[in-house]
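Asks: Below is a structure I'd like to ask you about.
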Amino acid sequence: QLQASGGGLVQAGGSLRLSCAASGRATSSYTLGWFRQAPGKEREFVAAIVWSGGRTVYADSVKGRFTISRDNAKNTVSLQMNSLKPEDTAVYYCALGRPIWSSLAMVSGYSHWGQGTQVTVSS
């Protein structure tokens, strides 16, 4: 089970930090990711951190502004979001799975999902 937290309302240019805690399984052998879904849009990839080696991957739209990190000892994954823009407004979901490299940014690459946390960025 994944439990996401940390969403909220922030002005453009501000920062938020999302966290996701996994219970019932150790996360060290899984890839952890963040996706987001805005109203009327498809769920889209934001960032992922691979289980082996800790390599990180980002969507172009967030590169340089967002940072994903993990703490295997605490079974958590975090997403630090800086320089937020109104277009970052969405429900953010954490995900866990073992996607192959070509599926890292695909919803279908992940088997477990958190409940989502709302992020709203005002202009």
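Asks: Checking the structure you have, find out if any residue of region 107-117 is part of a strand (DSSP E or B), modelled with pLDDT under 95 and out of contact with any Leu (no Cβ under 6 Å at 6 or more places or on another chain).
Replies: No, region 107-117 has no match at all.
Asks: Let me ask something else. What single numbered condition from (1) within 15 Å of the chain's Cα centre (by Cα); (2) crowded, with 18+ Cβ neighbours inside 10 Å fails to hold for Val121?
Replies: (1)
Asks: Also, I was wondering about something else. Quick one: in region 93-115, which of the residues that are open to solvent by less than 20 Å² (accessible area, probe 1.4 Å) and farther than 10 Å from Leu32 by Cα is nearest to the chain's Cα centre (by Cα)?
Replies: Restricting to residues being open to solvent by less than 20 Å² (accessible area, probe 1.4 Å) and farther than 10 Å from Leu32 by Cα, the top hit is Gly114.
Asks: Then there is this: Does Arg25 satisfy the condition of being among the basic types (Lys, Arg) and either in contact with a Lys or Arg (Cβ under 7 Å, 6 or more places away or on another chain) or within 18 Å of Leu9 (Cα to Cα) (or both)?
Replies: No: the conditions fail for Arg25.
Asks: Here's a follow-up. Among what's in region 41-61 and is at pLDDT 95 or above and open to solvent by 50 Å² or more (accessible area, probe 1.4 Å), pick the residue that is nearest to Met81 (Cα to Cα).
Replies: Ser61
Asks: Restricting to region 74-88, and then to whatever is modelled with pLDDT of 95 or more and of a type in the set (D, E, K, R), can you tell me which residue is most open to solvent (accessible area, probe 1.4 Å)?
Replies: Per the criteria, the residue is Glu87.
Asks: State which residue is most open to solvent (accessible area, probe 1.4 Å) when the search covers only region 17-33 and only residues that are over 17 Å from Val50 (Cα atoms) and modelled with pLDDT under 95.
Replies: Gly24
Asks: Related question: Might you check whether a residue that is crowded, with 16+ Cβ neighbours inside 10 Å and either outside any strand (DSSP E or B) or at pLDDT below 95 (or both) occurs anywhere in region 7-16?
Replies: Within region 7-16, one or more residues are crowded, with 16+ Cβ neighbours inside 10 Å and either outside any strand (DSSP E or B) or at pLDDT below 95 (or both).
The values are calculated or read from the model by the stated rules, or taken from the named source; none is laboratory data. Fair warning: this is a prediction, and the values are worked out from it, not measured in the lab. Methodologically, a virtual Cβ is constructed for each residue, glycine included, from the backbone with ideal geometry; neighbour enumeration extends over all protein chains shown. Heavy atoms of the whole protein, side chains included, go into the accessibility calculation; ligands, DNA and RNA do not. Shrake-Rupley method; radii C 1.70, N 1.55, O 1.52, S 1.80 Å.
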